[in-house]
Amino acid sequence: MTGFGGDSYINDPRVSYLPRLKRVQPPVGAALPADPPTTSCPLSDAMAVLSQALPRGRQRRKAARPQELLEAALDLFVEKGLAATRAEEVAHRAGVSKGTLYLYYPSKDELFKAVVRAHLIDAISAGDELADQFEGSTSELLRLLAETWWTKVGSSKAAGLLLLIMSEARAFPDVAQFYLDEVVAPSHTLLSRVIERGIRRGEFRNMDVTSVVHGLIAPAQFLILYRQCTSVCSSNPAPLDPQRFMHTQIDLILKGLERAPQS
């Protein structure tokens with residue numbers, strides 16, 4: 001007897017109780033019998049589909065998580081301020097653990113900077129692209145930039161970030177410096193090159209560019225402050241339409257900038 005791998009036990013006379021077995025070889029050229037047909041199991045099919053779908057769902061959820069954290073942080077920063085907002089609150093509102101929040105943003109300062117980048121710096125970048133590609137008059141470009149700012153920042157929750165910086169700059173000087181470097185300076189650079197474009201093309205009078213830029217930004221800051229102050233009042237004797245206000249301010253500034261037509 002040769003164990004499980006051989007068959008010499010078949011002819012071994014000592015194994016008398018086993019029947020004699022004969023090997024049957026199929027005729028040469030004969031087709032082998034077909035395997036039995038496989039049947040589909042609905043449960044197995046469903047599990048296979050589910051196993052493929054779940055990882056993709058988790059990947060989509062993970063990809064969206066930073067934006068969800070930023071949205072939750074923006075809401076809380078605007079509602080409560082930078083000092084009063086806790087990491088636990090941001091994580092809870094975003095539906096994640098505090099540990100998950102720290103994986104993406106290791107400190108509250110870094111989280112705030114990410115919020116500013118997402119909502120303000122991206123708007124400045126959009127303005128830069130618009131200025132690079134615009135081929136019309138500089139007056140039209142300034143109007144379009146004002147409308148873009150209102151759509152992306154002024155009319156959104158992100159406008160509250162300016163108020164937050166104003167109220168908490170002394171408590172968070174590093175954050176205030178970040179805002180100055182990353183938001184104020186690029187905004188001034190953008191508007192300065194637009195004004196210089198108008199002067200270079202002969203559309204605007206030759207004026208102090210820095211002062212003109214401050215004159216353009218001041219109405220936007222006033223609009224944010226005015227809306228914030230009057231939003232808690234039960235009545236307002238001097239209501240302000242934001243879009244009409246912006247158009248009026250641009251008109252006033254352009255009248256001072258534009259060269260008088262040659263007679």
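The values are calculated or read from the model by the stated rules, or taken from the named source; none is laboratory data. Note that the structure is a prediction, hence the values are computed from the model and not measured. With ideal geometry, Cβ positions are generated from the backbone for all residues, glycine too; neighbour counts draw on all protein chains shown.
Odds and ends about this structure:
- Candidate set: the stretch 77-94, residues that are out of contact with any Phe, Trp or Tyr (no Cβ under 8 Å at 6 or more places or on another chain) and exposed (fewer than 14 other Cβ atoms within 10 Å of the Cβ); chosen: the one farthest from GLN67 (Cα to Cα): ALA84
Yes/no matrix, rows are residues, columns are (1) assigned by TED's automatic domain parsing to the domain that holds SER167; (2) modelled with pLDDT under 95; (3) touching an Asp or Glu at 6+ places or on another chain (Cβ under 6 Å); (4) within 25 Å of THR148 (Cα to Cα):
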{"site": "GLN25", "(1), (2), (3), (4)": "no, yes, no, no"}
{"site": "ASP35", "(1), (2), (3), (4)": "no, yes, no, no"}
{"site": "CYS41", "(1), (2), (3), (4)": "no, yes, no, no"}
{"site": "MET47", "(1), (2), (3), (4)": "no, yes, no, no"}
{"site": "ALA63", "(1), (2), (3), (4)": "no, yes, no, no"}
{"site": "GLN67", "(1), (2), (3), (4)": "no, yes, no, yes"}
{"site": "GLY95", "(1), (2), (3), (4)": "no, yes, no, no"}
{"site": "THR100", "(1), (2), (3), (4)": "no, yes, no, no"}
{"site": "ALA123", "(1), (2), (3), (4)": "yes, yes, no, yes"}
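- Any pair with Cβ under 9 angstrom, 6 or more apart, that starts in the stretch 79-90 at a residue that is assigned to a loop (DSSP other than H, G, I, E, B) and ends at one that is aromatic (Phe, Trp, Tyr): LEU82/PHE112; LEU82/PHE172; ALA83/PHE172; THR85/PHE77; THR85/PHE112
- Here the condition is being free of Cβ contacts under 8 Å to residues at least 24 places away in the same chain, within 28 Å of ARG65 (Cα to Cα) and among the small types (Gly, Ala, Ser); of SER97, SER192, SER155, it holds for SER97 alone.
- For GLN177: the one exception among (1) buried (at least 18 other Cβ atoms within 10 Å of the Cβ); (2) over 20 Å from GLU129 (Cα atoms); (3) at pLDDT 95 or above: (1)
- Any hit, the stretch 132-140, residues being assigned to a helix (DSSP H, G or I) and hydrophobic (A, V, I, L, M, F, W, C): no
- Residue identified as of a type in the set (Gly, Ala, Ser), under 14 Å from ARG143 (Cα atoms) and assigned to a helix (DSSP H, G or I) among ALA176, ALA220: ALA220
- The number of residues in the stretch 105-120 that are surrounded by 15 or more Cβ atoms within 10 Å (Cβ to Cβ) and either assigned to a helix (DSSP H, G or I) or more than 15 Å from the chain's Cα centre (by Cα) (or both) comes to 11.
- Screening GLN249 against (1) surrounded by fewer than 17 Cβ atoms within 10 Å (Cβ to Cβ); (2) in contact (Cβ under 8 Å) with a residue 24 or more places away in the chain leaves a single unmet condition, (1).
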